[in-house]
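For reference, the structure discussed in these notes is given below.
The values are calculated or read from the model by the stated rules, or taken from the named source; none is laboratory data. Note that the structure is predicted; figures quoted are calculated from it, not measured. Cβ sites come from the backbone with ideal geometry, for glycine too, and all protein chains shown count toward neighbours. These area figures cover heavy atoms from the full protein model, side chains too; ligands, DNA and RNA do not enter into them. Shrake-Rupley method; radii C 1.70, N 1.55, O 1.52, S 1.80 Å.
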Amino acid sequence: MDMLKDRIRKQGQVVSSDVLKADSFLNHQVDPELIMEMGREFARRYREDRVTKVLTIESSGISIAFSTALELGVQMVYARRKRTIMTDTDAFCERVPSFTKGIVTDLLVSKDVLQPEDRILVIDDFLANGDAVRGLIRIIERSGAGLVGLGIVIEKSFQAGGRTIREQGIRVESLVRISRMEQDLVEFE
Ligand code: 5GP
(Lines give C-alpha, C1' and ligand atoms only; values in the text may rest on other atoms or scores of the structure.)
Protein backbone atom coordinates (compact mmCIF):
# COMPACT_ATOMS: atom_id res chain seq x y z
CA MET A 1 0.00 0.00 0.00
CA ASP A 2 1.91 3.00 -1.35
CA MET A 3 0.07 5.63 0.72
CA LEU A 4 1.18 3.87 3.89
CA LYS A 5 4.76 3.35 2.70
CA ASP A 6 5.00 7.11 1.97
CA ARG A 7 3.69 7.93 5.41
CA ILE A 8 6.17 5.59 7.09
CA ARG A 9 9.04 7.09 5.07
CA LYS A 10 7.98 10.65 5.93
CA GLN A 11 6.74 10.31 9.50
CA GLY A 12 7.90 6.97 10.90
CA GLN A 13 10.76 7.12 13.36
CA VAL A 14 13.16 4.21 13.68
CA VAL A 15 13.67 3.96 17.44
CA SER A 16 15.95 0.92 17.19
CA SER A 17 16.60 -1.77 14.60
CA ASP A 18 13.37 -3.51 15.61
CA VAL A 19 11.01 -0.72 16.77
CA LEU A 20 9.26 1.81 14.55
CA LYS A 21 7.50 4.74 16.13
CA ALA A 22 4.29 5.60 14.27
CA ASP A 23 2.82 8.03 16.79
CA SER A 24 2.04 10.79 14.30
CA PHE A 25 -0.40 8.78 12.15
CA LEU A 26 -1.28 5.49 13.85
CA ASN A 27 -0.48 5.03 17.54
CA HIS A 28 -1.12 8.40 19.17
CA GLN A 29 -2.25 10.95 16.63
CA VAL A 30 -4.50 9.20 14.13
CA ASP A 31 -5.10 10.21 10.50
CA PRO A 32 -8.75 9.38 9.72
CA GLU A 33 -8.27 9.40 5.93
CA LEU A 34 -5.40 6.94 6.14
CA ILE A 35 -7.36 4.78 8.60
CA MET A 36 -10.40 4.70 6.29
CA GLU A 37 -8.21 3.78 3.33
CA MET A 38 -6.67 0.91 5.31
CA GLY A 39 -10.15 -0.29 6.29
CA ARG A 40 -11.21 -0.28 2.64
CA GLU A 41 -8.11 -2.28 1.69
CA PHE A 42 -8.63 -4.95 4.38
CA ALA A 43 -12.32 -5.15 3.44
CA ARG A 44 -11.38 -5.55 -0.25
CA ARG A 45 -9.04 -8.45 0.62
CA TYR A 46 -11.56 -10.25 2.87
CA ARG A 47 -14.84 -9.26 1.14
CA GLU A 48 -15.61 -12.80 -0.11
CA ASP A 49 -14.78 -14.57 3.17
CA ARG A 50 -18.08 -14.15 5.01
CA VAL A 51 -16.53 -12.33 7.98
CA THR A 52 -19.09 -11.78 10.75
CA LYS A 53 -16.91 -9.90 13.26
CA VAL A 54 -13.64 -7.98 13.39
CA LEU A 55 -11.53 -8.51 16.53
CA THR A 56 -8.62 -6.34 17.68
CA ILE A 57 -6.76 -5.20 20.80
CA GLU A 58 -7.10 -1.85 22.53
CA SER A 59 -5.98 0.77 21.91
CA SER A 60 -4.14 1.18 18.61
CA GLY A 61 -6.02 -1.57 16.79
CA ILE A 62 -9.41 0.04 17.39
CA SER A 63 -9.43 2.70 14.67
CA ILE A 64 -8.28 0.28 11.95
CA ALA A 65 -10.63 -2.49 13.06
CA PHE A 66 -13.46 0.05 13.14
CA SER A 67 -12.92 1.24 9.57
CA THR A 68 -12.59 -2.37 8.39
CA ALA A 69 -15.78 -3.45 10.17
CA LEU A 70 -17.64 -0.43 8.79
CA GLU A 71 -16.58 -1.35 5.25
CA LEU A 72 -17.54 -5.00 5.76
CA GLY A 73 -20.84 -4.08 7.43
CA VAL A 74 -20.13 -6.13 10.59
CA GLN A 75 -19.57 -5.54 14.31
CA MET A 76 -16.15 -4.84 15.81
CA VAL A 77 -14.88 -6.17 19.16
CA TYR A 78 -11.71 -5.13 20.96
CA ALA A 79 -9.91 -7.12 23.62
CA ARG A 80 -9.43 -5.12 26.81
CA ARG A 81 -6.07 -5.14 28.54
CA LYS A 82 -7.25 -4.45 32.08
CA ARG A 83 -10.04 -5.73 34.24
CA THR A 84 -12.44 -3.01 35.34
CA ILE A 85 -15.67 -3.20 37.30
CA MET A 86 -17.33 -3.31 33.87
CA THR A 87 -15.37 -6.38 32.79
CA ASP A 88 -17.54 -9.43 32.61
CA THR A 89 -16.47 -12.03 35.16
CA ASP A 90 -17.18 -14.56 32.44
CA ALA A 91 -14.46 -13.49 30.02
CA PHE A 92 -11.80 -15.28 28.01
CA CYS A 93 -8.40 -14.20 29.30
CA GLU A 94 -5.02 -14.85 27.70
CA ARG A 95 -1.72 -13.61 29.09
CA VAL A 96 0.77 -12.49 26.42
CA PRO A 97 4.20 -10.87 26.42
CA SER A 98 4.05 -7.24 25.27
CA PHE A 99 6.66 -6.40 22.64
CA THR A 100 6.81 -2.68 23.36
CA LYS A 101 6.27 -2.73 27.13
CA GLY A 102 8.58 -5.66 27.88
CA ILE A 103 6.07 -7.13 30.37
CA VAL A 104 3.18 -9.56 30.19
CA THR A 105 -0.32 -8.21 29.72
CA ASP A 106 -3.76 -9.79 29.74
CA LEU A 107 -6.17 -9.81 26.83
CA LEU A 108 -9.79 -10.02 27.92
CA VAL A 109 -12.85 -10.66 25.76
CA SER A 110 -16.30 -11.18 27.23
CA LYS A 111 -17.81 -14.56 26.36
CA ASP A 112 -20.99 -12.71 25.30
CA VAL A 113 -19.44 -11.13 22.22
CA LEU A 114 -17.98 -14.20 20.48
CA GLN A 115 -20.31 -16.95 19.31
CA PRO A 116 -19.38 -20.35 17.84
CA GLU A 117 -21.05 -19.38 14.54
CA ASP A 118 -18.85 -16.27 14.17
CA ARG A 119 -16.19 -15.98 11.46
CA ILE A 120 -13.54 -13.66 12.81
CA LEU A 121 -11.08 -11.33 11.10
CA VAL A 122 -8.28 -10.28 13.46
CA ILE A 123 -6.80 -6.81 12.89
CA ASP A 124 -3.69 -5.33 14.52
CA ASP A 125 -1.33 -2.43 13.91
CA PHE A 126 2.06 -4.21 14.06
CA LEU A 127 3.17 -7.82 13.76
CA ALA A 128 6.54 -8.52 15.41
CA ASN A 129 6.95 -11.87 17.22
CA GLY A 130 3.25 -12.65 16.93
CA ASP A 131 2.46 -12.98 20.64
CA ALA A 132 -0.41 -10.48 20.66
CA VAL A 133 -2.31 -12.01 17.73
CA ARG A 134 -1.58 -15.55 18.99
CA GLY A 135 -3.36 -14.53 22.21
CA LEU A 136 -6.39 -13.45 20.18
CA ILE A 137 -6.26 -16.66 18.14
CA ARG A 138 -6.35 -18.71 21.37
CA ILE A 139 -9.39 -16.73 22.54
CA ILE A 140 -11.16 -17.38 19.22
CA GLU A 141 -10.36 -21.10 19.51
CA ARG A 142 -11.72 -21.23 23.05
CA SER A 143 -14.94 -19.49 21.95
CA GLY A 144 -15.53 -22.08 19.23
CA ALA A 145 -15.69 -19.36 16.55
CA GLY A 146 -13.81 -19.64 13.26
CA LEU A 147 -10.73 -17.62 12.34
CA VAL A 148 -10.83 -16.22 8.79
CA GLY A 149 -7.40 -14.60 8.88
CA LEU A 150 -5.32 -11.68 10.05
CA GLY A 151 -5.08 -8.13 8.74
CA ILE A 152 -1.89 -6.40 9.80
CA VAL A 153 -1.00 -2.79 9.06
CA ILE A 154 2.78 -3.10 9.42
CA GLU A 155 4.47 -6.50 9.43
CA LYS A 156 8.16 -6.51 10.32
CA SER A 157 9.09 -9.56 8.28
CA PHE A 158 12.56 -9.78 9.83
CA GLN A 159 10.84 -10.86 13.04
CA ALA A 160 9.37 -14.34 13.38
CA GLY A 161 5.63 -13.67 13.90
CA GLY A 162 4.42 -13.60 10.29
CA ARG A 163 6.39 -16.68 9.27
CA THR A 164 5.39 -18.85 12.22
CA ILE A 165 1.71 -17.89 11.97
CA ARG A 166 1.61 -18.58 8.21
CA GLU A 167 3.30 -21.95 8.91
CA GLN A 168 0.24 -22.78 11.04
CA GLY A 169 -1.84 -22.41 7.88
CA ILE A 170 -3.33 -19.06 8.93
CA ARG A 171 -3.89 -16.39 6.28
CA VAL A 172 -1.96 -13.19 7.05
CA GLU A 173 -2.61 -10.07 4.95
CA SER A 174 -0.20 -7.21 5.66
CA LEU A 175 -0.54 -3.76 4.12
CA VAL A 176 3.23 -3.26 4.20
CA ARG A 177 6.09 -5.57 5.09
CA ILE A 178 9.32 -4.08 6.44
CA SER A 179 12.34 -6.26 5.76
CA ARG A 180 14.97 -4.13 7.51
CA MET A 181 15.29 -1.02 9.66
CA GLU A 182 18.28 1.10 10.52
CA GLN A 183 18.67 4.66 11.67
CA ASP A 184 16.69 6.81 9.14
CA LEU A 185 16.21 3.81 6.84
CA VAL A 186 13.15 1.62 6.40
CA GLU A 187 13.36 -1.06 3.73
CA PHE A 188 10.16 -2.59 2.35
CA GLU A 189 9.79 -6.00 0.72
P1 5GP B 1 4.09 -9.02 18.80
O2 5GP B 1 3.11 -9.49 19.82
O3 5GP B 1 3.75 -9.46 17.40
O4 5GP B 1 5.52 -9.31 19.16
O5 5GP B 1 4.00 -7.43 18.80
C6 5GP B 1 2.84 -6.83 18.32
C7 5GP B 1 2.33 -5.76 19.24
O8 5GP B 1 3.40 -4.99 19.78
C9 5GP B 1 1.46 -4.81 18.45
O10 5GP B 1 0.13 -4.92 18.93
C11 5GP B 1 2.02 -3.43 18.72
O12 5GP B 1 1.21 -2.77 19.66
C13 5GP B 1 3.36 -3.65 19.35
N14 5GP B 1 4.51 -3.45 18.42
C15 5GP B 1 5.33 -4.42 17.93
N16 5GP B 1 6.31 -3.88 17.19
C17 5GP B 1 6.10 -2.54 17.19
C18 5GP B 1 6.80 -1.43 16.58
O19 5GP B 1 7.82 -1.56 15.89
N20 5GP B 1 6.27 -0.20 16.80
C21 5GP B 1 5.14 0.01 17.55
N22 5GP B 1 4.70 1.27 17.68
N23 5GP B 1 4.47 -1.02 18.15
C24 5GP B 1 4.95 -2.27 17.96
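In this entry, the chain is assigned a mean projected area of 10.2 nm², taken as a quarter of its C-alpha convex hull surface.
If you put +1 on each Lys and Arg Cβ and -1 on each Asp and Glu Cβ, how big is the dipole of the chain around its Cα centre, in Debye rounded to 20? Dipole about the Cα centre, nearest 20: 280 debye. Expressed as a whole percent, the accessible area of region 1-120 that falls on carbon and sulfur atoms is 48 (1.4 Å probe). Other residues lying with their Cβ under 14 Å from the Cβ of MET1 contribute a combined charge of -3, Lys and Arg counting +1, Asp and Glu -1. Here's the picture: charge each Lys and Arg Cβ at +1 and each Asp and Glu Cβ at -1 in the chain, and of VAL14, LEU26, SER110 the one pushed furthest to the positive end of that dipole is SER110. Heavy atoms of the protein chains alone define the surface here; on that basis region 85-141 has 48 Å² accessible area per residue at 1.4 Å probe size.
Dipole of the chain computed with +1 at Lys/Arg Cβ and -1 at Asp/Glu Cβ about the Cα centre; of ILE140, VAL74, LEU55, farthest Cα towards the positive end is ILE140. Taking each DSSP H run with n ≥ 4 as -39500 (n - 2.57) and averaging over every residue of the chain yields -9000 deg cm²/dmol at 222 nm. A crude spin-label estimate for the pair ARG45 and LEU185, with each label 7 Å from Cα along the Cβ direction, gives 2.7 nm. The gain in end-to-end length when the THR52 to GLU167 segment is fully stretched comes to 38.9 nm, 0.36 nm per residue minus the alpha carbon separation.
For the chain, the longest principal axis of the C-alpha atoms and the axis of helix 32-46 are separated by about 60°. Applying a DSSP loop filter and a limit of 11 other Cβ atoms within 10 Å to the trypsin sites (Lys or Arg not before Pro) in region 83-154 leaves LYS101. Each other residue within a Cβ distance under 11 Å of GLY146 adds +1 if Lys or Arg and -1 if Asp or Glu, for a net charge of -1. Label reach from GLN75 (point 7 Å along Cα→C-beta): in region 114-136, amide nitrogens under 15 Å belong to 114-121.
Past 29 Å, Cα to Cα, is the threshold; run LYS10/LYS82; LYS53/LYS82; LYS111/LYS156; LYS10/LYS101 against it and keep the listed order. Going by Cα-Cα distance, LYS10/LYS82; LYS111/LYS156 fall outside the 29 Å limit.
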